[in-house]
There are 2 protein chains.
Amino acid sequence: MARPTALSGFPEWLPEQRIVEQVVLDRMRATFESWGYSSIETRAVEPLEQMLRKGEIDKEVYVLRRLHASDDDSSGESPGSALGLHFDLTVPLARYVLEHGGHLHFPFKRYQIQKVWRGERPQEGRYREFLQVDIDVIDVDTLAFHHEVEVAQVMSEAFAGLPLPALRMQVNNRHLIEGFYRGVGVLDVPAVMRVIDKLDKVPEDTIRDLLASEVAVTGAAADLILAFAGISADDSSFADRVVALGVSDPLLDQGLEELVRVVDGTAPLRSDRFSVVADLRIARGLDYYTGTVYETSMAGFEWLGSVCSGGRYDALATDGATTYPGVGISFGLTRTLGPLFSRGLLRATRSVPTCVVVAVADEGQRQASDGVAAALRARGVPVEVSPSAAKFGKQIRYADRRGIPFVWFVDADGSHSVKDIRTGVQVDADPGSWSPGDLDRHPRILFEPEPTKETPR
Amino acid sequence: MARPTALSGFPEWLPEQRIVEQVVLDRMRATFESWGYSSIETRAVEPLEQMLRKGEIDKEVYVLRRLHASDDDSSGESPGSALGLHFDLTVPLARYVLEHGGHLHFPFKRYQIQKVWRGERPQEGRYREFLQVDIDVIDVDTLAFHHEVEVAQVMSEAFAGLPLPALRMQVNNRHLIEGFYRGVGVLDVPAVMRVIDKLDKVPEDTIRDLLASEVAVTGAAADLILAFAGISADDSSFADRVVALGVSDPLLDQGLEELVRVVDGTAPLRSDRFSVVADLRIARGLDYYTGTVYETSMAGFEWLGSVCSGGRYDALATDGATTYPGVGISFGLTRTLGPLFSRGLLRATRSVPTCVVVAVADEGQRQASDGVAAALRARGVPVEVSPSAAKFGKQIRYADRRGIPFVWFVDADGSHSVKDIRTGVQVDADPGSWSPGDLDRHPRILFEPEPTKETPR
């Protein structure tokens, strides 16, 4: 076969990029589990008719058929049961909760890390296959508000230790929005939300015109709505500014109190990497959100749009008898890493897990080198034996090209030494006790606005 | 939506089963990385025409089309570029090596853990979507033999610590088979291999008839071939038995030496969970194997066939100018776990990651409980705060139903205590220093031939 070319929209990472992805995923998973979230994976396919109920992205679904199925049998089973690849992890979660609800414990806290597929036109940061990282809490009939604080706390903690560009999570609350709009006399709340949602893209004057022409909101009411949408703060001071606008409604009071709890609850987790900010202009387009809404921009990559979004929904799923409310946040890992990789901003300290290469003096001595490797491995040091008994210079280059920091030598007299090939320093060593430094044992990831070599070679 | 029903062939695990799967995957991944194997993931799709080159399972491929693509455009792009879901991880690896070869370091050691899809008729142990765990070593032009020993060592070590039914890896060597057959005068070696491959299913007399009728091998030659196929040993004694048959051929000598190295090289890693056995009847059907071949049966589940198979291939991929030989083994995780789950033989010690539930005396005290949880979490203890300030009995039942071992109480006077709800023992505790035992911190997995509760409740 000739050298294949890349398939647009289906990104694949090189091994060193995959290490970066693994470090991010390991960190997120450890955080989720430390908060008691269970992992699930759902099948990649859902019945097409279920996926299309939400309606909005039907064009983008990939439909399956078995190669040798008959023409009118697109699922491989029977007409009407066509299967498509899931385009998010929320529709599958809803179906999973309905299907397995009798075996789940509620509130059900789960995280889910899986690929999803959308047949969109590919461009940077928009792919046809990409990895999503979701957390959700689902309960039966009612869901306590504190879970809306918790999911923001969990994501804050997951991101806190990651060397990514600063992430800024903007939060708002549908009760607050609806209460405020009702308080100024708006009748069609969703219509006003749709207009305000354009604030990022068009000038305020245009928004004012749209409020007048499309939803008949003018004068003082329009002033109040625009003043409200302009409020943003990284602490609870936003609440005073809302109150100062003089609008009153019971739902507004509830929404204010809820949003203050989200902002205050995440304040202790704030860092230079991740912050949570009340921003009263954001609404998230999706109609099913009913409480807190979340979206997240990445510093320097605001053009990507939100990389981590979600909200509270009163009816994630219902089977008629039982309704399952939930709150969740979804992080788009592939679309976050892709632009960072293509700019060379994020890299691993080496391209392989290996920390030590054990040199082989000649093929007859391979077993001795295997023994050293086994001893190091038993103490948690990732180690390879040199694939060939080439000249030592070539074996050192084998390590150097992969960024492996150490090469181990077994001398003919049975003595051992290990060389840090970054510094050239070589010391006697015992395979039963030697350890690399904690920083060298496993690859780490580095965010470097100006890519440079970490250490001179 | 009405309660959905399961989709045959697309198994989904409950959270406690997923914990079992995660423990297995974590163990395997840690082993692979400790041997220096890099993780890669390939896209789920491959061009259909590439996938069908190997020919044998074209019926089983799922083909994609975008829902709103025109009828003659099954890929969503253009006619002739149809995409299918990958049915294994070897075809994608070959394509990945050709596509990204310029950015890879050889020998390239990689592991890959991904779902694959086949439109087969589902039955127990045979699914339409399932998880495969592959390791391979790929080199350019030539691949040193010691890698054929290494992949068996890596799998031995990966399985050694896992509480699965005993796994028995049977190994053979194509050089040995071919050399022996040639040595007894066989002209069509593949044809004899195909006959001998039926030894598991039909009586020896039938094999003898087939050797005579299909490949014209009779008398002493047939006796020798059947004697050879009957040889099996868990140490290098098999070699003496082959030599005693009195057949000679240079390729036979090479194959014997190679197979002895695989058996001897894995002997130190043998345990009651995993053993490697030379078994001279196995050949693996696939034509492209050229050296060591591996297959694995699970004690009590021999009817599943091989759960972990592979071999050496001289041409995994070629772009005309360069040929990439390789050796690899693929473990079918879903088909191994599925039958164990359905028989209740394998379970986790609890259904969630959580080790401690912090009780909430009343909603006004939730913040104090959150503080305890944060302190425990900071020291690596997975912890949840009770979702409600219900009566303590109900909060304890919340933990008990999930198998969570500890419940933490914050008294009105600020003192703390923790109760092991399995024993009922409650002791004073400090959130800044208390730790669960190592056995309780994270869920463990248990293989229980006769399912019983681990500890009385």
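Which whole-Hz ³J(HN,Hα) couplings does segment B:293-310 yield from phi under the Karplus relation 6.51 cos²θ - 1.76 cosθ + 1.60, θ = phi - 60°, glycine and proline marked x?
Running phi through 6.51 cos²θ - 1.76 cosθ + 1.60 with θ = phi - 60° gives 10, 10, 8, 9, 10, 10, 4, x, 10, 4, 4, 5, x, 6, 9, 7, 9, x Hz.
Output the pairs from A:K109/B:K391; A:K394/A:K419; A:K115/B:K109; A:K391/A:K419 with a Cα-Cα distance over 19 Å in this structure; if there are none, say none.
Values: A:K109/B:K391 22 Å; A:K394/A:K419 14 Å; A:K115/B:K109 24 Å; A:K391/A:K419 16 Å.
From A:K109/B:K391; A:K394/A:K419; A:K115/B:K109; A:K391/A:K419, over 19 Å: A:K109/B:K391; A:K115/B:K109.
Report, by chain and number, residues whose modeled amide H sits under 5 Å from the one on B:T292, excluding near sequence neighbours (fewer than 5 apart, same chain).
B:R174, B:R312
Label B:V140 and A:V202 with points 7 Å out from Cα along Cα→Cβ: what is the distance between them in nm?
Distance between the two pseudo-spin positions: 5.8 nm.
May I ask which residue of chain A has the beta-carbon nearest to the axis carrying chain A onto chain B, and at what distance in whole Å?
Closest to the rotation axis on chain A: A:L64, 3.
Debye sum, Cα scatterers, segment B:225-293, no solvent: what log₁₀ I/I(0) at q = 0.17, 0.19, 0.26 1/Å?
The calculated log intensity ratios at q = 0.17, 0.19, 0.26 Å⁻¹ are -0.65, -0.81, -1.33.
Can you figure out the FRET efficiency of A:E49 with A:D223, using R₀ = 41 Å and their beta-carbon distance, to the nearest 0.05?
The calculated FRET efficiency here is 0.30.
How tilted is helix A:333-342 with respect to the longest principal axis of chain A? Cα atoms for both, answer in degrees (0 to 90, nearest 10).
Helix A:333-342 and the main axis of chain A meet at about 60 degrees.
Based on the alpha-carbon gyration tensor of segment A:354-441, what equivalent-ellipsoid semi-axes (square roots of 5 times the eigenvalues) come out, in whole Å, largest first? Don't skip to the answer; put the middle values down first.
On the way: eigenvalues 58, 46, 28 Å².
The equivalent ellipsoid of segment A:354-441 has semi-axes of 17, 15, 12 Å.
Taking other Cβ within 10 Å of each residue's Cβ, how do B:E150, B:E302 sort, fewest first? Display every interim value, and only then the final one.
Details: B:E150 25, B:E302 11.
Arranged by neighbour count, lowest to highest, B:E150, B:E302 become B:E302, B:E150.
With axes computed from alpha carbons, what is the tilt in degrees of helix B:366-378 against the longest principal axis of chain B, rounded to the nearest 10 within 0 to 90?
40
When all alpha-carbon pairs of segment A:349-403 are counted, what percent fall beyond 15 Å? Show your work: numbers first, answer last.
Values: 662 of 1485 pairs.
Every Cα pair in segment A:349-403 considered, those over 15 Å come to 45 percent.
Suppose each label sits 7 Å from its Cα in the direction of the beta carbon; what would the B:Q123-B:T423 distance come out to in nanometres?
Once both label points are built, they end up 5.0 nm from each other.
Relative to the longest principal axis of chain A, what angle (0 to 90°, nearest 10) does the C-alpha long axis of helix A:219-229 take?
The angle comes out at about 20 degrees.
Amide H neighbours of B:V358 under 5 Å, at least 5 residues apart or on other chains, H built in the peptide plane: list them.
Correct list: B:E384, B:V385, B:S386, B:W408.
P(r) tail for segment A:74-182, what percent of Cα pairs lie past 17 Å? Intermediate values should be presented prior to the final figure.
On the way: 4215 of 5886 pairs.
The calculated P(r) of segment A:74-182 puts 72 percent of pairs beyond 17 Å.
May I ask you to derive the FRET efficiency for B:A412 and A:A315 from their Cβ-Cβ distance with R0 = 41 Å, giving the value to the nearest 0.05?
FRET efficiency, B:A412 to A:A315: 0.60.
For the protein assembly as shown, what are Rg and Dmax over the alpha carbons, in angstrom?
For the protein assembly as shown, the Cα-based Rg and Dmax read 30.4, 106 Å.
Suppose you put the label 7 Å out from Cα in the Cβ direction; list, shortest first and in nm with one decimal, how far B:D411 is from each other copy's label.
Listed shortest first, these distances are 6.6 nm.
Using the Karplus curve 6.51 cos²θ - 1.76 cosθ + 1.60 with θ = phi - 60°, what ³J(HN,Hα) values do you get for each residue of segment A:203-212, in whole Hz, with x for Gly and Pro?
Values per residue, Gly and Pro as x: x, 4, 4, 5, 4, 4, 5, 5, 4, 6 Hz.
Report the charge-dipole magnitude of chain A in Debye, nearest 20, computed about the Cα centre from +1 at each Lys and Arg Cβ and -1 at each Asp and Glu Cβ. Please report the intermediate quantities before stating the final value.
Working: 50 positive and 66 negative charges, 357 e Å.
Here the size comes out at about 1720 debye.
Tell me the distances, shortest first, between A:H105 and the same position across the other copies, using label points 7 Å along Cα→Cβ, in nm to one decimal.
4.5
Hey, could you get me the Stokes-Einstein D for segment A:304-457, Kirkwood radius over alpha-carbon pairs, 20 °C and 1.002 mPa s, rounded to whole µm² s⁻¹? Don't skip to the answer; put the middle values down first.
Details: Rh = 18.8 Å.
Reported coefficient: 114 µm²/s.
Between copies, how far apart are the A:Q50 label points? List them in nm, one decimal, shortest first, with each point 7 Å from Cα toward Cβ, please?
3.2
Give the order of B:I445, B:I196 when sorted by the count of other beta carbons within 10 angstrom, beginning with the fewest. Spell out each step's value before the answer.
Working: B:I445 19, B:I196 22.
Taking fewest neighbouring Cβ atoms as first place, the list is B:I445, B:I196.
Can you give the direction-averaged projected area of the convex hull of the alpha-carbon atoms in segment A:112-232, in nm²? Show your work: numbers first, answer last.
Values: hull surface 44.3 nm².
The number I arrive at for segment A:112-232 is 11.1 nm².
How would B:V189, A:V385, A:V262 line up from fewest to most surrounding beta-carbon atoms within 10 angstrom? Write down the numbers at each step before the final one.
Numbers: B:V189 17, A:V385 23, A:V262 27.
The fewest-first ordering by Cβ neighbours comes to B:V189, A:V385, A:V262.
Calculate one ³J(HN,Hα) per residue across segment A:82-98 by plugging θ = phi - 60° into the Karplus curve 6.51 cos²θ - 1.76 cosθ + 1.60, and present them in order as whole Hz with x for glycine and proline.
Here the 3J(HN,Hα) series is 4, 10, x, 6, 4, 9, 7, 10, 8, 4, x, 4, 4, 5, 4, 5, 5 Hz.
Please report, in Å, the Rg and the Dmax of chain A, where both are computed over Cα atoms only.
27.2, 92
For the protein assembly as shown, what is the charge dipole size about the Cα centre, in debye to the nearest 20, if Lys and Arg each add +1 at the Cβ and Asp and Glu each add -1 at the Cβ?
Values: 100 positive and 132 negative charges, 90 e Å.
Dipole about the Cα centre, nearest 20: 440 debye.
Here, each number is a calculation from the coordinates, and none is a lab measurement. Just so it is clear, the model here is predicted, and its values are computed rather than measured. Virtual Cβ from ideal backbone geometry, glycine too; neighbours counted across all protein chains shown.
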